[in-house]
Amino acid sequence: MRLMEFVLVCLLVLTLAVLPAVAASSTAPATPSKTAKKAPAATPAAEKAPAAPSSMSEKVLPPLEPPSTAPATPATPSMPGTPAIPAAPRPESALPPAKAPGAENAPPSALSGPTTTPLPGARPPTEPPMPAAKVFPYTGYISGDTVYVRSGPGPYYYPLQTMSKDTRVTVDGEAGSWLTVKPPQGVVGLMRKGDLTMGQGGAATVSASSARVYASSPTAKRQWCVMATLKQGDTVKTLGAAEGDWIRIQPPEGSHVYVADQYVAASGTSSSPAESAIAKMEIEPPKVDPFIEEFKKADVDLEKELAKPITDRKFDEVAARFKDIAEKADKAFVKSAAAKRLAYIAGLREQQAEVERVLAIGQKLDQRLAELKSQQIARENETARERKEVARTDFLATGLVARMESLEDVDYPIKFKLVDQNNRPVVVLKSSTIDLNKYVGKVVGVRGSKTYLKDWRIYLVTVDEIEALE
């Protein structure tokens, strides 16, 4: 039967090629042979296929549109090395070809393909059908045995946890070959305490103008991926304090994590063993280079030193760490970065040495100024002492204090005198404030006011100060 259909198709193609010329010659007036050659060529069957004529003298009919209920079927494939032959369309009124006796049990011909042929206007067989648009959110199920839930859309984002086969997830979007899902049980968010104002019952309010929520879990070793961003006034539920300045919260509305789309099915049907094996072989994040980690830590310590006053900075330890990285790291870019840090530290040391030199000059100047000031004070003290000594030696008179013999029993103010070593009077003394009896028989110097007594032909000293000289 397939061989018969192939022959009929060949005859139909030949008829399509000859009919237009025959129709034109039977209806058009006689013209030169050149005009006959300008008859339009047959339209390709795939784009515009005519209906099968009932006789050779009928005109060519326009192609039939495909029935609204008839499904499109693929074209007949061709053998290797044989050009593809387009199948002729069937008019709605055309009857199916009669089957030869025993055709039901005859083997298919190698020269023909399936008996079904595409209707005119059907999509070419080489174009795949358009996939149906996904509608989010929808419920999906994990199709692998052990599938990672990651913090970002890629195998190198840190994993948060694993989910077993047939675990239900809520899919709310996609990012390339990854699906965004709502955080499953066990995934938490991390926020900085400074961005929150704590309330009662574990509730907290965002106090910052904008705050990030980072994806974390009990098994996650890193926490730099953002799962949500909150604005001022949003409320969250806290789950307890974390390390450092962090606090754990329940993932807020709009938070999402990621699962590879090949491990999520829209139903709970079991996946094939091959898919389960692939899920187990999911790519692990690359191992962190220890020298890169050490470089980051050394950079942090260098920043701490730079935060200190310039004279208090100590670069020996951090420089030794960068030198060790530059000598032992495997990667060239790490060696180069460490060498640049060493050069930078060398410049900082030169700057520190220059500042210390200038400060030392200032310290020496301050020390010299202090010495000069001390010397000036010492000189002033010495001058004052000398002046005091001079003032002390500037007595009006010196000598031995003695009583006036002639006036001992007379109530007269002048009862004492100063005599020299030969017992001759030098001056006579009187005082209303000092008891001169205490100084009788002592060599003293006196200060005060001096008055000459004409009658006595001697000076009278009214004593204000008296000082024993022996």
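A few notes on this one:
- Among beta bridges that DSSP assigns inside segment 210-261, antiparallel share in %, nearest 5: 100 percent
- Rg ratio (alpha-carbon, reference 2.2 N^0.38 Å) - segment 288-392: 2.03
- Computed P(r) (all Cα pairs; segment 397-468; 5 Å bins; percent): 3, 18, 31, 29, 15, 3
- Cα pair count fraction exceeding 18 Å, expressed as % - segment 172-264: 44 percent
Computed from the coordinates by the stated procedures, all read-outs in this text should not be read as laboratory data. What you are looking at is a predicted structure, and each value in this text was computed from that prediction instead of being measured.
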